[in-house]
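Student: Following this message is one structure expressed as structure tokens.
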Amino acid sequence: MTKNLICVTCPRGCNLTVDFEGTDVKSVTGNFCKRGEMYAKKEIIDPTRSLATTVKVNGGIHPVVPVKSSSPVPKNMLFECMKVINATTVDAPVELGQVIVKDILGTGSDIVATNYD
């Protein structure tokens, strides 16, 4: 199977072509540097994404506080993670770096506040 990707590891944005079978990457072409090859393999074998959103705040200055995942989460779990986050409400005050959801859905990633309220 062949998949075309645009590498996002640097501003160059190389157009990559990945030939693979299942999770066995046969070849990566179009990359200018080694990082492009590593990105393509990771994207085929185990795609992950950083997650940034907001969480509702009770009794705060603002109705929501921005949050992000402490590490990337599996791409196929993003919508499930958002269901958990959307159902979460935190009481003010919220501290910068405060863990809002610990180890979301067993991913090993915490959802942490990126501002305070």
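The values are calculated or read from the model by the stated rules, or taken from the named source; none is laboratory data. These numbers come from a predicted model, not from an experiment. Backbone-built Cβ (ideal geometry, glycine too); neighbour counts: all protein chains shown. Keep in mind that these areas ignore ligands, DNA and RNA; they rest on the heavy atoms of the full protein, side chains included. Shrake-Rupley method; radii C 1.70, N 1.55, O 1.52, S 1.80 Å.
Student: Being closer than 25 Å to Pro47 by Cα and either in contact with a helix residue (DSSP H, G or I) (Cβ under 7 Å, 6 or more places away or on another chain) or buried (at least 17 other Cβ atoms within 10 Å of the Cβ) (or both) is the filter here; which residues of the stretch 85-111 pass it?
Tutor: Matches in the stretch 85-111: Ile85, Ile100, Val101, Ile104, Leu105, Thr107, Ser109, Asp110, Ile111.
Student: Here is a further query. Restricting to the stretch 85-98, name every residue that is part of a strand (DSSP E or B) and under 15 Å from Thr53 (Cβ atoms).
Tutor: Residues satisfying the conditions are Thr89, Val90.
Student: While we're on this one: Has the stretch 30-51 got at least one residue that is farther than 30 Å from Leu16 by Cβ, buried (at least 16 other Cβ atoms within 10 Å of the Cβ) and in contact (Cβ under 8 Å) with a residue 24 or more places away in the chain?
Tutor: No: the stretch 30-51 contains no residue that is farther than 30 Å from Leu16 by Cβ, buried (at least 16 other Cβ atoms within 10 Å of the Cβ) and in contact (Cβ under 8 Å) with a residue 24 or more places away in the chain.
Student: Could I ask something else about it? Given (1) in contact (Cβ under 8 Å) with a residue 40 or more places away in the chain; (2) surrounded by 13 or more Cβ atoms within 10 Å (Cβ to Cβ), identify the lone condition not met by Ile61.
Tutor: Here Ile61 clears every test but (2).
Student: For the subset of the stretch 67-84 comprising residues that are assigned to a strand (DSSP E or B) and either small (Gly, Ala, Ser) or open to solvent by less than 40 Å² (accessible area, probe 1.4 Å) (or both), which member is farthest from Leu51 (Cα to Cα)?
Tutor: The qualifying residue farthest from Leu51 (Cα to Cα) is Pro74.
Student: Hey, another quick one. Hey, can you tell me all the residues within the stretch 104-117 that are more than 15 Å from Arg49 (Cα to Cα) and part of a loop (DSSP other than H, G, I, E, B)?
Tutor: Answer for the stretch 104-117, where residues must be more than 15 Å from Arg49 (Cα to Cα) and part of a loop (DSSP other than H, G, I, E, B): Thr114, Asn115, Tyr116, Asp117.
Student: How many residues does the stretch 1-53 hold that are closer than 26 Å to Glu80 by Cα, of a type in the set (Asp, Glu) and in a helix (DSSP H, G or I)?
Tutor: Residues meeting the conditions: 1.
Student: Among the residues of the stretch 6-29, count how many are touching a residue at least 12 places away in the same chain (Cβ under 8 Å) and either surrounded by fewer than 18 Cβ atoms within 10 Å (Cβ to Cβ) or β-branched (Val, Ile, Thr) (or both).
Tutor: Of the residues in the stretch 6-29, 14 are touching a residue at least 12 places away in the same chain (Cβ under 8 Å) and either surrounded by fewer than 18 Cβ atoms within 10 Å (Cβ to Cβ) or β-branched (Val, Ile, Thr) (or both).
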